[in-house]
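*Asks:* Quick one: structure below, then a few questions.
The values are calculated or read from the model by the stated rules, or taken from the named source; none is laboratory data. In this text the structure is predicted, and so the values were computed from the model without any measurement. Cβ coordinates were reconstructed from backbone atoms using ideal geometry, including for glycine residues, and neighbour counts include every protein chain displayed.
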Amino acid sequence: MAVSSITAFWAVSVLLILVPGADWAYAISAGLRDRSVAPAVGGLLLGYVGLTVVVAAGVAAVVADHPAVLASLTLLGAMYLIWLGATTLARPSTPEAAEQGAAGASADAPAARRSRVLQGAGISGLNPKALLLFLALLPQFTQPGAGWPLALQISTLGLVHILSCGAIYLCVGILARTVLRARPAAARAVTRVSGAAMIVIGVVLVVEQLAA
């Protein structure tokens, strides 16, 4: 597999990651709510690992060819985003509140980290648009007959995307926390915007599915 193909895919991948969406909203929310954004970002990456495995195994093509399965995934992902957005709106947080809560709940830290990881994996892994994006994008940069098995080429490209996501989403979460640390009102407003963005994305997915 040529380095030029991997580089070209990386450039496209970064451009797509830089477009704000549910992942951005979750990373920003985690940056304002948690002591560390690593569990939330790790969850997002775990979801993309799952999508890479699905595409490499050829399952994504099967899902795309069965509208009922894809519709179910779409509605499931949309309802999850709406629920998570509503939860975020109901409990807008600031960095100061997050630190106070963490100081009094150190015994629950492992459970809290697991919850953040699972939420992040649900946001990225249950997104049918991400599944179709992987299905449409990854194969375009593979090279049949290049000496690498197709599944290995797709896995390599998926790893490039995952590493790029990790770097960008960590920066997004950390910057949100750093910039808004001394601005509780602004932090609360950004958290609410993040929650609203999740709800809007979920509603759009539902409407698109009903209109299809």
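*Asks:* Please go through the range 1-31 and give me each residue that is small (Gly, Ala, Ser), within 23 Å of GLY120 (Cβ to Cβ) and part of a helix (DSSP H, G or I), ordered by number.
*Replies:* Kept after step one, since they are small (Gly, Ala, Ser), are these residues of the range 1-31: 2, 4-5, 8, 11, 13, 21-22, 25, 27, 29-31.
This time we only want the ones that are within 23 Å of GLY120 (Cβ to Cβ), so: 13, 21-22, 25, 27, 29-31.
Matches in the range 1-31: SER13, ALA22, ALA25, ALA27, SER29, ALA30, GLY31.
*Asks:* Among the residues in the range 124-133, are any modelled with pLDDT of 75 or more, outside any loop (DSSP other than H, G, I, E, B), over 16 Å from LEU51 (Cα atoms) and hydrophobic (A, V, I, L, M, F, W, C)?
*Replies:* No, that holds for no residue.
*Asks:* Pick from SER13, SER4: which is surrounded by fewer than 14 Cβ atoms within 10 Å (Cβ to Cβ), modelled with pLDDT under 90 and among the hydroxyl-bearing types (Ser, Thr, Tyr)?
*Replies:* Being surrounded by fewer than 14 Cβ atoms within 10 Å (Cβ to Cβ), modelled with pLDDT under 90 and among the hydroxyl-bearing types (Ser, Thr, Tyr) holds for just one of SER13, SER4, which is SER4.
*Asks:* Something else now. Please verify whether the range 149-158 includes one or more residues that are surrounded by fewer than 20 Cβ atoms within 10 Å (Cβ to Cβ), outside any helix (DSSP H, G or I) and modelled with pLDDT of 80 or more.
*Replies:* Yes.
*Asks:* Has the range 122-129 got at least one residue that is touching a helix residue (DSSP H, G or I) at 6+ places or on another chain (Cβ under 9 Å), hydrophobic (A, V, I, L, M, F, W, C) and farther than 26 Å from THR7 by Cβ?
*Replies:* Looking for residues that are touching a helix residue (DSSP H, G or I) at 6+ places or on another chain (Cβ under 9 Å), hydrophobic (A, V, I, L, M, F, W, C) and farther than 26 Å from THR7 by Cβ, one finds at least one in the range 122-129, hence yes.
So that you can scan it fast, the table gives a plain yes or no per residue for (1) in a helix (DSSP H, G or I); (2) surrounded by 22 or more Cβ atoms within 10 Å (Cβ to Cβ); (3) under 13 Å from the mean Cα position of the chain (by Cα):
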| residue | (1), (2), (3) |
| --- | --- |
| ILE162 | yes, no, yes |
| GLY166 | yes, no, yes |
| TYR169 | yes, yes, yes |
| ALA176 | yes, yes, no |
| ALA189 | yes, no, no |
| ILE199 | yes, no, no |
| VAL207 | yes, no, no |
